[in-house]
Amino acid sequence: MNIIHAYAAQNENSPLAPFSYQPRQLRDHDVQIEILFCGVCHSDLHQARNEWHNTVFPVVPGHEIVGRVTATGSRCSRFTVGDLVGVGCMVDSCRSCPDCQEGLEQYCENGFVATYNGTDRFDGKTTFGGYASDIVVHEDFVLRVPAHLDLAGVAPLLCAGITTYSPLKHWKVGPGKKVGIVGLGGLGHMGVKIAHAMGAKVVLFTTSPSKVADGKRLGADEVVISKDAEQMAQHTNSFDFILNTVAATHDLTPFINLLKRDGNMTLVGVPEHDHPAPSVASLIFKRRSVSGSLIGGIAGTQEMLDFCGQHNITSDIELIDIAQINEAYERMLKSDVKYRFVIDINTLRDHAAA
């Protein structure tokens, strides 16, 4: 493989466009992957447009990757050519800090190496992501994909799936637990599916009455319109856990008030501006807590993929041609997707060959 075809942004104002680069030579423990599908995460848009002010251009986004192994390094032992695999948000970490030693590489004290817009620990080069024909990754950060699932629908599990699975598992969601999911987007719809499969009673919170039917289709036992104070009041002091997936600034207190004593609300959406400070009294008088959660470690991500394989869970997607990526970004800003765009990377190869 002498060249990788990709789509990249050259600066924060440029559209994504064809871009080619040479991959690194296979290291001893590397896996070379022919990418089949790559999900489109809102983080991709933030990075491509430098909205987090840390983008190194050119940037090739994409961290929801499903593909097939085409070559392995001389000492690679976990994968062989032909294996179906996935790559998520990380491609390396320091391996030695307490968090890495506990299998929580996403909290690496020295910073994990992001799949794209990261810095390789060995050669110092910027990493390129999954809007590409191929990728080379250390075997320790490659995951096995359940072959019986729709592979395009699997791709978003590598970010949206683990982002929701990780806190649901951490807070011991399961039968007998009442769980709320706030927001029905790329993350929220996965939260509903996974919490339902875990056996919990699932209540979806949305501001959009038009999403009630879809919420129930996805597995919610009940849908509450969060702008309706009367509907909200009916659930006061009743939730064991709430997963808040909304990345827009909003008041957390109305949701905190729905938690039981010792209940927790975990935030997984990062707003552009911080949420208003919640009512401290609402926390103190019921020993409630609000926390955050970031994706998951490699072992946890593999566990999530296996869980989704057992329960036949994939993301609801709209499959697109790579040439539609800039249009997809504009639609994503309008929440005009149910519920995740996924790029058919074969279209990239077709365009490159034309």
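The values are calculated or read from the model by the stated rules, or taken from the named source; none is laboratory data. Since we're looking at a predicted model, the values are computed, not measured. Glycine also receives a Cβ, built like all others from the backbone with ideal geometry; neighbour counts cover every protein chain displayed. Just so you know, the surface numbers come from the protein's heavy atoms only, side chains and all, with ligands and any DNA or RNA stripped out. Shrake-Rupley method; radii C 1.70, N 1.55, O 1.52, S 1.80 Å.
The H on the amide N of VAL182, modeled in the peptide plane, is under 5 Å from the matching H of PHE205, LEU243, ASN244, THR245, each at least 5 residues off or on a different chain.
In the structure shown, the pairs LYS193/LYS260; LYS260/LYS334; LYS125/LYS338; LYS286/LYS334; LYS172/LYS334; LYS216/LYS286 are assessed against 32 Å; a Cα-Cα span above that value is assigned to LYS260/LYS334; LYS125/LYS338; LYS286/LYS334; LYS172/LYS334.
Give me the 1.4 Å probe accessible area per residue for the range 93-177, excluding ligands and nucleic acids, in Å².
I get 40 Å² per residue for the range 93-177.
Inter-label distance, LYS125 to SER77: 2.8 nm, where each label sits 7 Å from its Cα along the C-beta direction. The range 243-271 and the range 71-134 have Cα centres lying 31 Å from one another. For the range 54-170, carbon and sulfur atoms together expose 49% of the accessible surface, with a 1.4 angstrom probe and every protein chain in place. Hey, in the GNM for the chain with a 10 angstrom Cα cutoff, which one of HIS63, HIS235, HIS189 fluctuates hardest? Most flexible of the set in this elastic network: HIS235. Annotation: amide H of ALA220 has no partner in the under-5 Å range at sequence separation 5 or more or interchain, hydrogens built in the peptide plane. Summing Cβ point charges (Lys, Arg +1; Asp, Glu -1) relative to the Cα centre of the chain gives a dipole of roughly 1020 debye.
Around the Cα centre of the range 219-354, unit charges on the Cβ atoms of Lys, Arg, Asp and Glu (plus for the first two, minus for the last two) sum to a dipole of about 580 debye. Taking the accessible area of the range 203-265, probe 1.4 Å, and keeping the other protein chains in place, the carbon and sulfur fraction comes to 49%. Using a cut-off of 17 Å between alpha-carbon atoms, which aspartates and glutamates can reach LYS201, once sequence neighbours fewer than 8 places away in the same chain are excluded? Output for LYS201: ASP214, ASP221, GLU222, ASP240. Stretched out straight at 0.36 nm per residue, the stretch from ASP306 to SER335 would grow longer than its current Cα-Cα span by 7.5 nm.
Once you charge only the Cβ atoms, +1 for Lys and Arg and -1 for Asp and Glu, what is the size of the charge dipole of the range 1-104 about its Cα centre, to the nearest 20 debye?
I would put it at about 300 debye.
Per residue of the chain, the DSSP helices (runs of n ≥ 4 H) give a summed -39500 (n - 2.57) that works out to -6500 deg cm²/dmol at 222 nm. Surface analysis of the range 200-255 yields an accessible area of 44 Å² per residue, using protein heavy atoms and a 1.4 Å probe. Take ASN54, project a point 7 Å from its Cα along the Cβ direction, then tell me which residues of the range 83-103 have their backbone nitrogen under 16 Å from it. It comes to 89-94, nothing else.
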